[in-house]
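Below is one structure; the comments refer to it alone.
The values are calculated or read from the model by the stated rules, or taken from the named source; none is laboratory data. Only a predicted model underlies this, so the values are computations on that prediction, with no experimental measurement involved. Note that we place each Cβ from the backbone using ideal geometry, even for glycine, and neighbour counts take in every protein chain shown.
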Amino acid sequence: MILNMDIDWDAKVLSSLTPVINNLREIQINNQEIENVADWLAYEEFPSPQNNKTKKNPEEVIRTTLLVNTLNFAFTDFEKSIKYEIERDGYIFSDSEAMFTQINETLATGTKLYHGDVLSSLDMDKLNKIFSGNIEMPMMSERLKILNEVGEKLSSEYKGDWINFINKGPKKLYSDGEGLIERLIEEFPRFDDKTILEDRQEVHFYKLAQLAFWGIHGELSGGGHFVVEDMHKMSAFADYIVPVALEVMKIITYSETLNNKIMNGELIERDSREEVEIRAVSLYTTAKLTEEVNKRRPLDKQIIIPQLDYRLWKQYHATHRPHHLTITTMY
């Protein structure tokens with residue numbers, strides 16, 4: 001059960017955005033368009049985790065979801081702007097959906113790909129056999145390095161099993177250093193998704209860490225197997241796709257320089273002012289849009305930010321409209 005639908009602007013991620021939002025240079029936020037979009041978006045259906053009565057093994061869901069989000073980044077070729085895709089029974093799976101499909105296919109063969117011992121022993125040949133699509137999945141050497149490191153940590157500290165990590169603390173994202181996100185970013189550095197501004201202020205994004213626990217909560221909370229108690233502290237997931245939706249909806253407007261870079265497929269450097277603004281604005285405006293949507297919905301139909309994020313991602317993740325390109329393992 002989700003106990004609190006109010007946006008927590010003091011939560012770690014959203015509160016860290018203030019110095020960026022207050023000093024935007026490359027992006028304009030159109031507040032009137034947030035209200036205009038909310039006027040019609042509020043009447044759409046937003047699937048609720050509470051309605052999901054999965055019959056899947058809860059521990060397998062947890063293990064698989066954490067594996068997926070260890071790898072959930074960079075699915076577009078940085079030179080050709082072509083998205084990674086696979087075809088199954090006449091249906092095209094794109095980007096992370098393609099990866100998720102291939103992970104499940106591998107698990108179905110009996111290979112426990114999420115186990116620390118398996119991950120730490122992976123090599124490039126094995127990884128290429130798992131992920132074969134229309135193009136080579138981008139950043140394969142980085143993926144292998146991450147999987148090996150995560151596998152070694154799981155094996156050395158948790159007997160190779162994500163369940164042992166999960167059971168070590170409370171079912172909260174934040175809990176005086178013992179929360180799920182707090183421990184994940186501390187013990188597995190590949191999830192520590194943040195940047196440092198010129199004045200040494202930290203901006204936290206935590207895209208993959210948040211997405212992992214939203215996925216687990218969304219799959220298992222309806223049956224009471226895994227309920228994140230402070231889901232209202234979660235933001236959207238700062239990636240490539242949500243900014244496209246926001247820009248198409250005219251909620252955000254890029255400067256001419258930034259717009260030209262995106263449309264021409266020019267690389268935008270990680271931690272650059274442009275990239276930080278794109279991600280920060282995505283999180284801020286999705287939170288504001290969620291607030292406006294909820295003002296237009298009855299109390300029993302209130303939504304949380306991740307539900308809105310999924311609505312935007314699902315509609316735009318396979319679109320032909322260009323998104324910004326940044327070489328990073330964080331999204």
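From the list Ile34, Ile29, the lone residue that is among the aliphatic types (A, V, I, L, M), in contact with a Leu (Cβ under 7 Å, 6 or more places away or on another chain) and within 18 Å of Ala245 (Cβ to Cβ) is Ile34.
Screening Glu266, Glu277 for residues that are more than 19 Å from the chain's Cα centre (by Cα) and either within 17 Å of Asp193 (Cβ to Cβ) or modelled with pLDDT of 95 or more (or both) leaves exactly one candidate, Glu266. Remark: pairs (first residue in the stretch 112-136, over 19 Å from Thr76 (Cα atoms); second residue buried (at least 18 other Cβ atoms within 10 Å of the Cβ) and among the charged types (D, E, K, R); Cβ separation under 6 Å; 6+ apart in sequence or on different chains) = Tyr114/Arg63. Is at least one residue of the stretch 192-205 surrounded by fewer than 24 Cβ atoms within 10 Å (Cβ to Cβ), touching a Leu at 6+ places or on another chain (Cβ under 8 Å) and assigned to a helix (DSSP H, G or I)? No, the conditions are met nowhere in the stretch 192-205. For the stretch 27-46, taking the residues that are part of a strand (DSSP E or B) and β-branched (Val, Ile, Thr), the one that is nearest to Leu312 (Cα to Cα) is identified as Ile29. Cβ-Cβ contacts under 8 Å between residues 6 or more apart (or on different chains), taken from a first residue in the stretch 279-303 that is over 20 Å from Leu17 (Cβ atoms) to a second residue that is part of a helix (DSSP H, G or I) and among the charged types (D, E, K, R), are listed as Arg296/Asp39.
Pick from the stretch 137-155 the residues that are of a type outside the set (A, V, I, L, M) and without any contact (Cβ under 8 Å) to a residue 24 or more places away in the chain: which of them is farthest from Thr76 (Cα to Cα)? Ranking the candidates gives Lys145 first.
Flag: Leu173 matches the condition of being modelled with pLDDT of 95 or more, part of a loop (DSSP other than H, G, I, E, B) and under 18 Å from the mean Cα position of the chain (by Cα).
Only one entry of Thr18, Thr70 meets the criterion of being at pLDDT 95 or above and in contact with a Lys or Arg (Cβ under 8 Å, 6 or more places away or on another chain), and that entry is Thr70.
Could you check, for the stretch 237-255, whether at least one of its residues is free of Cβ contacts under 8 Å to residues at least 60 places away in the same chain and surrounded by fewer than 17 Cβ atoms within 10 Å (Cβ to Cβ)? Looking through the stretch 237-255, none of the residues is free of Cβ contacts under 8 Å to residues at least 60 places away in the same chain and surrounded by fewer than 17 Cβ atoms within 10 Å (Cβ to Cβ). Among the candidates Glu187, Glu198, Glu219, Glu202, the residue that is of a type outside the set (Gly, Ala, Ser) and without any contact (Cβ under 8 Å) to a residue 24 or more places away in the chain is uniquely Glu198.
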